[in-house]
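Chemist: Just dropping this structure here.
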Amino acid sequence: MSNDKDSMNMSDLSTALNEEDRAGLVNALKNKLQNLAGQHSDVLENLTPPVRKRVEFLREIQNQYDEMEAKFFEERAALEAKYQKLYQPLYTKRYEIVNGVVEVEGAAEEVKSEQGEDKSAEEKGVPDFWLIALKNNEITAEEITERDEGALKYLKDIKWSRVEEPKGFKLEFFFDQNPYFKNTVLTKTYHMIDEDEPILEKALGTEIEWYPGKCLTQKILKKKPKKGSKNTKPITKTEDCESFFNFFSPPQVPDDDEDLDDDMADELQGQMEHDYDIGSTIKEKIISHAVSWFTGEAVEADDLDIEDDDDEIDEDDDEEDEEDDEDDEEEDDEDDDEEEEADQGKKSKKKSSAGHKKAGRSQLAEGQAGERPPEC
Amino acid sequence: MSNDKDSFNVSDLTSALKDEDRAGLVNALKNKLQNLAGQHSDVLENLTPKIRRRVEVLREIQGKHDEIETKFREERAALEAKYQKLYQPLYNKRYEIVNGATEVEGAPEDAKMDQGDEKTAEEKGVPSFWLTALKNNDVISEEITERDEGALIYLKDIKWCKIEEPKGFKLEFFFDQNPYFKNTLLTKAYHMIDEDEPLLEKAIGTEIDWYPGKCLTQKILKKKPKKGAKNAKPITKTEDCESFFNFFNPPQVPDDDEDIDEERAEELQNLMEQDYDIGSTIREKIIPHAVSWFTGEAIEGEEFEIDNDDEDDIDEDEDEDEEDEDEDEEEDDEDEEEEVSKTKKKPSVLHKKGGRPQVTDDQQGERPPEC
């Protein structure tokens with residue numbers, strides 16, 4: 001009986017298939033059915049034979065879908081890679097101008113017309129470009145302390161690339177030689193569990209080789225020895241403190257995590273989410289639109305100094321004269337502007353925070369990161 | 001001086017450009033520069049002329065990047081639409097089988113072999129398909145109460161589609177005629193602020209026409225009148241309670257939100273985030289992989305009953321003979337099983353989306369009481 005049934009099922013599956021890889025698919029389905037029977041027998045065993053038959057057919061349809069979806073993932077990844085390749089020459093040009101490797105036309109002539117500014121003539125590229133870009137984004141700005149700014153002046157480029165095994169992406173921060181740490185490249189790598197959605201498995205960062213007394217993630221406390229004690233040397237103690245550079249020491253799940261209680265697990269969860277938000281913000285916003293963040297054009301929700309008079313005229317000009325793409329972008333900008341004006345002119349800032357999911361999340365994460373290091 | 005400078009800048013821009021739409025681009029850059037000067041004068045005004053010049057060229061480069069990015073988004077949207085179109089025939093077949101509109105080959109023969117089960121022969125399609133699929137997903141199952149299940153048995157399809165104006169997407173839940181509510185279609189629409197990332201502006205749901213006494217989002221409390229009171233009728237009071245169908249009445253930002261204090265704003269934020277998580281889970285997981293959720297194959301983080309004996313090992317070895325795609329899937333499964341075998345805590349920490357409802361649970365002080 002059982003054998004006959006299996007045989008019948010096989011013949012039914014065979015007649016149902018028209019594709020070239022019928023044999024392969026039959027075996028695949030057979031094995032999957034065995035896996036299913038072993039792992040989720042509760043669902044199928046409770047079904048009547050006709051319903052079970054229908055479910056088997058549904059699983060066949062699901063497999064066809066999954067194959068198509070896999071092709072979609074491949075095509076989408078290829079499309080993304082194609083455009084990343086197109087962006088690279090522009091990123092390279094940006095790097096060259098920001099760091100003074102290449103001088104733009106017209107800048108030299110201006111020097112002649114302003115001979116009095118010797119210091120100006122000596123300044124290379126665009127100083128503090130990345131520092132300002134990062135400070136203009138509210139998510140990354142929250143991480144940067146005043147002490148950090150001295151080191152971030154030496155930041156000369158940020159890049160991201162995909163990591164294939166395991167799936168994820170890597171951020172690279174390129175620094176000039178500087179008095180704070182020896183490394184010229186600091187990296188942050190995110191390993192994802194699933195290709196299709198941002199479920200984080202692990203994050204790794206470069207170990208920073210700080211020069212003596214220059215560590216920005218710790219502050220030094222000195223205590224004078226008590227009078228009359230044998231030891232007359234001052235006691236030196238280090239304490240962790242807030243710093244952008246904590247980004248390179250991301251929170252980790254302990255190897256033996258049975259010791260984690262619910263509260264600690266929730267806190268760790270919040271910290272990891274927050275860390276991933278910072279990384280994805282840098283990858284998706286800062287790197288691709290660094291100039292707009294530097295100039296402040298990309299600042300939207302934070303910008304409270306909106307001039308309502310002449311801007312409208314400018315926007316009208318944009319609408320009427322430019323290409324369709326420009327119109328689309330301007331329309332989006334106008335919508336955003338209107339929302340901002342409505343929010344800021346009439347109501348409170350609260351609505352903006354409620355509406356902006358990502359911006360709000362960092363606040364949420366902060367609330368949960370009870371062990372956040374104290375201010376330096 | 002100022003006039004000469006402007007003229008000078010424009011001529012420089014002109015000589016720097018080689019694109020066909022030079023004139024258009026020049027005007028665009030000029031206008032953008034004016035906007036920039038008007039809106040963010042603090043940055044540029046603090047720069048020396050030489051550096052300002054470099055920033056102008058940088059902005060030109062950024063403009064080119066933004067154009068390429070726009071094309072990328074168009075191509076990506078077209079690719080997504082192409083595949084959604086390819087998926088539709090499979091979704092239709094699924095619908096027909098689940099609802100008994102089409103009978104699969106071989107099923108009638110099974111019926112003959114079971115002549116004793118007359119009730120079985122009458123059962124159409126795959127009963128409780130969507131209810132079971134939803135209950136097997138840990139984000140969705142938290143929303144479904146026992147009372148809800150009676151209504152969700154009548155759910156016969158879920159679809160999603162993009163909305164263009166305003167940008168976003170819509171979920172459609174198709175119900176058979178049922179004793180709970182009149183609607184045969186319940187919808188949930190999400191309006192997004194930005195096309196490229198999930199910033200939620202507003203969520204809107206269908207108003208449900210409940211039949212009398214059948215509302216699943218409220219429970220009825222009856223109090224007996226005090227003895228000797230004039231009014232002899234029992235007092236009836238309704239109270240909100242947990243239900244999957246609260247999904248169609250999503251949290252809204254009040255029109256006059258100056259009255260919201262900081263704590264309430266955060267609470268509202270969390271409610272909206274959780275609501276969006278439910279919607280995106282249905283759109284991205286349940287709809288495309290409904291069969292896998294129904295059978296339980298899609299359950300990963302929650303599956304603790306792993307058979308480690310010979311059968312599974314042999315099966316997996318055999319799978320190695322199959323296509324590469326299967327191998328990839330199996331490898332992923334193996335990794336996940338290893339993680340699960342360690343402790344329950346780790347998945348909750350690692351799975352970002354899965355963990356979020358727990359976070360919001362803790363903070364939702366005003367969550368309706370159990371029915």
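Chemist: Over the Cα atoms of the stretch A:218-285, Rg to Rh with Kirkwood Rh, two decimal places?
Modeler: Dividing the radius of gyration by the Kirkwood radius yields 1.22.
Chemist: I've got another one for you. What ranking of A:253, A:101 comes out by heavy-atom accessible area, probe 1.4 Å, highest first?
Modeler: In descending accessible area the options line up as A:101, A:253.
Chemist: Determine the share of the stretch B:157-214's accessible area contributed by carbon and sulfur atoms, expressed in whole percent, with a 1.4 angstrom probe.
Modeler: Values: 1400 of 3000 Å².
Looking at the stretch B:157-214 in its full context, I get 47 percent from C and S.
Chemist: Of the listed pairs A:82/B:162; B:82/B:156; B:93/B:159, which have alpha-carbon separations greater than 20 Å here?
Modeler: The answer is A:82/B:162; B:82/B:156.
Chemist: Let me ask you something else. At a probe of 1.4 Å, how much accessible area disappears from chains A and B on forming the pair, both sides counted, to the nearest 100 Å²?
Modeler: Rounded to the nearest hundred, the buried surface is 11800 Å².
Chemist: Determine the shape class of the stretch A:152-199: with a ≥ b ≥ c the square roots of the Cα gyration tensor eigenvalues, call it rounded for a/c under 1.5, and otherwise prolate if a/b is greater than b/c, oblate otherwise.
Modeler: Numbers: a/c = 3.59, a/b = 3.15, b/c = 1.14.
Cα axes put the stretch A:152-199 in the prolate bin.
Chemist: Given H placed on each backbone N at 1.01 Å, which residues far from residue B:125 in sequence or on other chains put an amide H within less than 5 Å of it?
Modeler: B:100
Chemist: Hey, could you pull the Cα Rg and Dmax for the stretch A:173-217, both in Å?
Modeler: 14.5, 44
Chemist: Any idea what log10 I(q)/I(0) is at q = 0.18, 0.20, 0.22, 0.25 Å⁻¹ for the stretch B:172-271, Debye with uniform C-alpha scatterers and no solvent?
Modeler: -1.01, -1.09, -1.18, -1.30
Chemist: Considering protein heavy atoms only and a 1.4 Å probe radius, which residues within the stretch B:69-106 exhibit an accessible-area decrease of no less than 50 Å² in the full assembly relative to the chain by itself?
Modeler: B:72, B:75, B:79, B:83, B:87, B:90, B:97, B:104, B:105
Chemist: Quick one: length gained pulling residue B:84 to residue B:96 fully straight, 0.36 nm per residue minus the C-alpha distance?
Modeler: Gain in length upon complete extension: 2.5 nm.
Chemist: So, one more: Return the inverse of the average 1/r over all pairs of distinct C-alpha atoms in the stretch A:142-261, which is the Kirkwood hydrodynamic radius, in Å to one decimal.
Modeler: Taking every pair of different Cα atoms in the stretch A:142-261, averaging 1/r and inverting gives 17.1 Å.
Chemist: Could you please report the charge total around residue A:171, scoring K, R as +1 and D, E as -1 over all other residues with beta-carbon less than 9 angstrom from its beta-carbon?
Modeler: +3
The values are calculated or read from the model by the stated rules, or taken from the named source; none is laboratory data. Here the structure is a predicted model, which means the values were calculated and not measured. Virtual Cβ from ideal backbone geometry, glycine too; neighbours counted across all protein chains shown. Heavy atoms of the whole protein, side chains included, go into the accessibility calculation; ligands, DNA and RNA do not. Shrake-Rupley method; radii C 1.70, N 1.55, O 1.52, S 1.80 Å.
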